[in-house]
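A quick write-up on the structure given underneath.
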Amino acid sequence: VPSGQTISLTGTGENVTDSDGDGIVDSIESQPIPLSNGEVTNTDPHDADTDGDGLSDGVELRLSRKEEAGYNAISDPNQSDTDNDGLNDYEELRVGPKTDPWDRDTDNDQLTDGVEVNGAELNGETVTSNPLVSDTDSDGLSDFEEFAVRNRQRVWNSNPRRYDSDGDLLSDREEVEV
């Protein structure tokens, strides 16, 4: 429904209005909306992007995917960073690589998606890793192990983007085992 327009659904005169043009009719946005994960959310019928994350409420709720328990939402339209991982939902869904806005650690390597995408300091350089792969450089050490810090000192001093961080022809895993 184009923004602000009303259409007749039946011959009995039932009207449906989508004031903000987000693809969700006002009558749904004006009440609690059940999600398939058991949570309930609310959206503003006069604001197409209630949480301001760059994704419309209609995109976040995916109303075409209602299950018995509720709508199978791709993210919560009331929270700009649904999983609180340091990436807003727009970044997780529209800026590569595409991570899961409901999961703080998409690849389950114990680093949040935000740390992997935004990076961490390593020897004066900001180093990132792939939030979709637990061992970005396939050297046998997980990204978490390579980023690991103990007592404010890096444990291995290796780079999750380099198979052989110090260039001595031994993988970072081989050096840890020596």
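I'd like to verify a number: residues in region 148-171 that are open to solvent by less than 60 Å² (accessible area, probe 1.4 Å) and modelled with pLDDT under 80, how many? Counting residues in region 148-171 that are open to solvent by less than 60 Å² (accessible area, probe 1.4 Å) and modelled with pLDDT under 80 gives 3. If we keep just the residues of region 88-126 that are assigned to a loop (DSSP other than H, G, I, E, B), in contact with a helix residue (DSSP H, G or I) (Cβ under 9 Å, 6 or more places away or on another chain) and of a type in the set (Val, Ile, Thr), which is most open to solvent (accessible area, probe 1.4 Å)? Looking at the filtered set, the residue picked out is Val95.
Taking residues in region 21-32 that are touching a residue at least 12 places away in the same chain (Cβ under 8 Å) and among the aliphatic types (A, V, I, L, M), and partners anywhere that are assigned to a loop (DSSP other than H, G, I, E, B) and buried (at least 18 other Cβ atoms within 10 Å of the Cβ), the pairs with Cβ atoms closer than 6 Å and at least 6 places apart or on different chains are Val25/Asp18.
The values are calculated or read from the model by the stated rules, or taken from the named source; none is laboratory data. Keep in mind that this is a model prediction, so the values were computed, not measured. Positions of Cβ are generated from backbone atoms using ideal geometry, with glycine treated the same way; all protein chains shown enter the neighbour counts. Heads up: the accessible areas ignore ligands, DNA and RNA and are worked out on the full protein's heavy atoms, side chains in. Shrake-Rupley method; radii C 1.70, N 1.55, O 1.52, S 1.80 Å.
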